[in-house]
């Protein structure tokens, strides 16, 4: 699932995780949301990212951040 939407390669932005098929860093999505921008505004700014990709990345983040395993291992 992760590999369907997130891609890393030392040849693309020095290995920064990007949306698969683009050169748009995943971090840009979170930066937009953090600054109060909407998902639609992000997608307008980065038309190479598909809405489904952005939603999937948000779902992945939710799963990781709400996982008791993640919380127990990283914040215990």
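The values are calculated or read from the model by the stated rules, or taken from the named source; none is laboratory data. Fair warning: this is a prediction, and the values are worked out from it, not measured in the lab. All Cβ positions, glycine included, derive from the backbone under ideal geometry; neighbour counts span all protein chains shown.
Just a few scattered comments:
- Cβ-Cβ contacts under 8 Å between residues 6 or more apart (or on different chains), taken from a first residue in region 30-41 that is at negative phi to a second residue that is modelled with pLDDT under 95, are listed as 30/61.
- Some residue of region 48-55 being touching a helix residue (DSSP H, G or I) at 6+ places or on another chain (Cβ under 9 Å) and loosely packed, with under 12 Cβ neighbours inside 10 Å: yes
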